[in-house]
1. Has region 93-101 got any residue that is closer than 28 Å to residue 162 by Cβ and among the charged types (D, E, K, R)?
2. Any residue in region 118-134 that is farther than 18 Å from residue 161 by Cα, open to solvent by 60 Å² or more (accessible area, probe 1.4 Å), touching a residue at least 12 places away in the same chain (Cβ under 8 Å) and in a loop (DSSP other than H, G, I, E, B)?
3. How many of the residues making up region 22-51 are surrounded by fewer than 20 Cβ atoms within 10 Å (Cβ to Cβ) and in contact with a Phe, Trp or Tyr (Cβ under 9 Å, 6 or more places away or on another chain)?
4. Is it fair to say residue 150 is surrounded by 17 or more Cβ atoms within 10 Å (Cβ to Cβ), in a helix (DSSP H, G or I) and in contact with a Phe, Trp or Tyr (Cβ under 7 Å, 6 or more places away or on another chain)?
5. Cβ-Cβ distance below 7 Å, separation of 6 or more or different chains: which pairs start in region 175-190 with a residue that is closer than 17 Å to residue 207 by Cα and end on one that is among the hydroxyl-bearing types (Ser, Thr, Tyr)?
6. Residue 76 passes all but one of (1) without any contact (Cβ under 8 Å) to a residue 60 or more places away in the chain; (2) within 19 Å of residue 106 (Cβ to Cβ); (3) surrounded by fewer than 18 Cβ atoms within 10 Å (Cβ to Cβ); which number fails?
7. Restricted to region 181-195, and to residues that are part of a helix (DSSP H, G or I) and either surrounded by fewer than 14 Cβ atoms within 10 Å (Cβ to Cβ) or at positive phi (or both), which residue is nearest to the chain's Cα centre (by Cα)?
8. Please work out which one of (1) modelled with pLDDT of 85 or more; (2) surrounded by fewer than 19 Cβ atoms within 10 Å (Cβ to Cβ); (3) not basic (Lys, Arg) is the condition residue 99 fails and give its number.
Amino acid sequence: MPTDAIINVNGDSVQALDVTLLLVTITLLPTLVVMMTSFTRYVVSLSFLRTAMGTQQTPPNLVLVGMALILTLFTMTPTLNSIKTTAFDPYVDGEITQEEFFDRAQVPLKRFMLDNTEIGALELYCNMAGETAPATVEELENAVDLPLLVITPAFVTSELKAAFWIGFLLYIPFMLIDVIVSSTLMSMGMIMLPPSMISTPFKILLFILLDGWSLLFSTLIQTVG
């Protein structure tokens with residue numbers, strides 16, 4: 001029986017190759033979500049916030065990952081709609097082939113990643129791959145002809161850099177609270193009392209008074225191009 005045989009499912013004809021590609025896509029979906037969307041920036045920034053506040057495992061990992069996924073879906077909706085309009089709908093209607101589908105689907109995704117990729121990071125991977133690196137922001141925005149194997153690592157590198165910058169900024173106010181509390185305890189001679197026991201409630205209070213979650217979420221979304 002040839003590998004490209006047709007399988008009948010409820011009266012519909014499905015190519016065996018289509019089924020194989022679907023299974024491979026489902027298997028790689030978690031990796032694609034992490035590497036090709038803004039998920040990395042969100043989840044790393046939220047992890048930095050939890051560490052800076054000193055709340056141990058609160059919020060739990062499940063909540064942080066779930067919130068990062070929701071923010072990612074919110075951010076990626078225009079890109080997903082573009083992929084659906086330009087690639088998925090024509091493929092379902094039989095207007096284009098599988099090769100054309102993958103070629104069209106890559107373009108909106110590449111544009112999103114290039115909008116959030118630094119020139120220096122892309123130049124690094126272009127040099128290693130032997131590709132021509134864009135020299136200006138205008139060339140960077142039109143560099144959709146570059147392969148995904150070059151754009152994706154450059155995008156992830158830029159996302160990690162942005163997330164660590166956000167983490168650094170999140171640490172500053174909470175670190176100041178730690179310094180003030182530690183100095184106060186030392187001046188009072190209460191050396192044996194752990195400063196974190198006193199500073200953590202003040203950190204939580206500061207975060208609540210500033211409406212920290214809304215401020216953080218809106219800022220994270222606005223940092224994504």
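1. Here is the first cut: in region 93-101, the ones closer than 28 Å to residue 162 by Cβ are none.
Taking every residue of region 93-101 in turn, none turns out to be closer than 28 Å to residue 162 by Cβ and among the charged types (D, E, K, R).
2. The answer is yes; a qualifying residue exists.
3. 5
4. In short, yes.
5. 177/199; 178/199; 181/199
6. Residue 76 satisfies all of (1) without any contact (Cβ under 8 Å) to a residue 60 or more places away in the chain; (2) within 19 Å of residue 106 (Cβ to Cβ); (3) surrounded by fewer than 18 Cβ atoms within 10 Å (Cβ to Cβ) except (3).
7. 183
8. Condition (1) is where residue 99 drops out.
The values are calculated or read from the model by the stated rules, or taken from the named source; none is laboratory data. Predicted, not measured: the structure shown is a model, and the values here were computed from it. Quick reminder, even Gly has a Cβ in these numbers, built from the backbone with ideal geometry, and neighbours come from all protein chains shown. Heavy atoms of the whole protein, side chains included, go into the accessibility calculation; ligands, DNA and RNA do not. Shrake-Rupley method; radii C 1.70, N 1.55, O 1.52, S 1.80 Å.
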